[in-house]
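Participant: One structure, as structure tokens, below. Some questions next.
Every read-out reported here was derived from the displayed coordinates using simple, explicitly stated rules and does not represent laboratory data. Model, not experiment: these values are computed from the prediction. Please note: Cβ atoms are built from the backbone with ideal geometry, for glycine as well, and neighbour counts cover all protein chains shown.
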Amino acid sequence: MNPWPFVTAAYGAAILLTAALLLWAFASMRRAEAAADALNRK
Amino acid sequence: MHALANPARFLRLARPITTWLLLIGLALSTGGMAAGLTLTPPDYLQGETVRIMYVHVPSAWLGMAGWVGIAAASISQLVWRHPLAAIGARAAAPAGATFAAICLLTGSIWGRPTWGTWWEWDGRLTSMLVLFFLYLGYIALASAERERGGEGRIAAIYGLVGAVNLPIIHYSVLWWRTLHQGESIGLSGSTIDSSILWPLPLTMIGFTCLFGAAVLMRMRAELAETKVEARMRRMGAA
């Protein structure tokens, strides 16, 4: 059995899920902090 | 910890730390994964599939560490009423759930060529799956409690009760000697040859930094949302 498709799939899953977590956390932080800053300027 | 009870002081520290954790985490995890894929020899028994270890082991550690964080924050909330404890616990849950899911996925992918099966109801695999479902339950419960204006005490008690699963995961390979191999890395050393082991600390530290960055970003988001909600309530009352 060729092991490389399994190795690639494992790395792909780890990278994709970690990137999705970081992007979601970053986007929600930017959105919330921008809303708080906009309210402060009012 | 009580020095960070002031959200303004916490934010002053969290902003630069988030950036540093992201940069160090990306550098170490990318370097560790690249080294694990290209610079280490194949294992004499597992062959090339041993390379999955460099993403599987950090995700297993972070899946469990996330719940240790939730349990510690729950104690801090229930005993000392630390104002950031509930926010910290809620922020750790999605990151912990993500790494528990990565652990289950990469373990399953490793199992197919090594054990000949994607899944087995083995003690370690099952207790890790239970941890993933505990995370989902915690996220749902904590979100519902926050929406109803609660202090997060019910979620904190759930966080403490769920910690019972952590020793079960850790000792499962000793209590039920089924398919999952025993402990390869312990406090007394490792049974893995150093020529294969050396990129693992890089990915362990790298993914831990990324986990920390995700938690800090979620905490900052929740603090900003709380600020907006409080301001809107004051404006509505005026």
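Participant: Among what's in segment B:55-103 and is farther than 18 Å from residue B:218 by Cα and free of Cβ contacts under 8 Å to residues at least 12 places away in the same chain, pick the residue that is farthest from the other protein chains (Cβ to nearest Cβ).
Facilitator: B:79
Participant: Among the residues of segment B:35-55, count how many are surrounded by 14 or more Cβ atoms within 10 Å (Cβ to Cβ) and in a helix (DSSP H, G or I).
Facilitator: 11
Participant: Find all pairs meeting these conditions: Cβ atoms under 7 angstrom apart; at least six residues apart or on different chains; first residue within segment B:20-44 and in contact (Cβ under 8 Å) with a residue 12 or more places away in the chain; second residue exposed (fewer than 14 other Cβ atoms within 10 Å of the Cβ).
Facilitator: B:40/B:195; B:41/B:195
Participant: Could I ask something else about it? Being surrounded by 16 or more Cβ atoms within 10 Å (Cβ to Cβ), more than 9 Å from chain A (Cβ to nearest Cβ) and within 21 Å of the chain's Cα centre (by Cα), is that true of even one residue in segment B:3-11?
Facilitator: no
Participant: Kindly indicate whether any position in segment A:13-32 is over 18 Å from the mean Cα position of the chain (by Cα), in a helix (DSSP H, G or I), within 8 Å of another protein chain (Cβ to nearest Cβ) and small (Gly, Ala, Ser).
Facilitator: Our first condition is that a residue be over 18 Å from the mean Cα position of the chain (by Cα); within segment A:13-32, this holds for none.
Scanning segment A:13-32, I find no residue that is over 18 Å from the mean Cα position of the chain (by Cα), in a helix (DSSP H, G or I), within 8 Å of another protein chain (Cβ to nearest Cβ) and small (Gly, Ala, Ser), so the answer is no.
Participant: I'd like the full set of residues that are β-branched (Val, Ile, Thr) and within 9 Å of chain A (Cβ to nearest Cβ), limited to segment B:204-225.
Facilitator: Looking only at segment B:204-225, we keep the residues that are β-branched (Val, Ile, Thr), and these are B:205, B:208, B:215.
Result: B:215, single match.
Participant: Does residue B:44 count as closer than 24 Å to residue B:110 by Cα, more than 9 Å from chain A (Cβ to nearest Cβ) and among the hydroxyl-bearing types (Ser, Thr, Tyr)?
Facilitator: Values: closer than 24 Å to residue B:110 by Cα: yes; more than 9 Å from chain A (Cβ to nearest Cβ): yes; among the hydroxyl-bearing types (Ser, Thr, Tyr): yes.
So residue B:44 fits the description; yes.
Participant: Return the only residue of B:137, B:116 being within 14 Å of chain A (Cβ to nearest Cβ), over 14 Å from the mean Cα position of the chain (by Cα) and either of a type in the set (Asp, Glu) or surrounded by fewer than 24 Cβ atoms within 10 Å (Cβ to Cβ) (or both).
Facilitator: Working: B:137 fails: within 14 Å of chain A (Cβ to nearest Cβ).
Matching residue, one of B:137, B:116: B:116.
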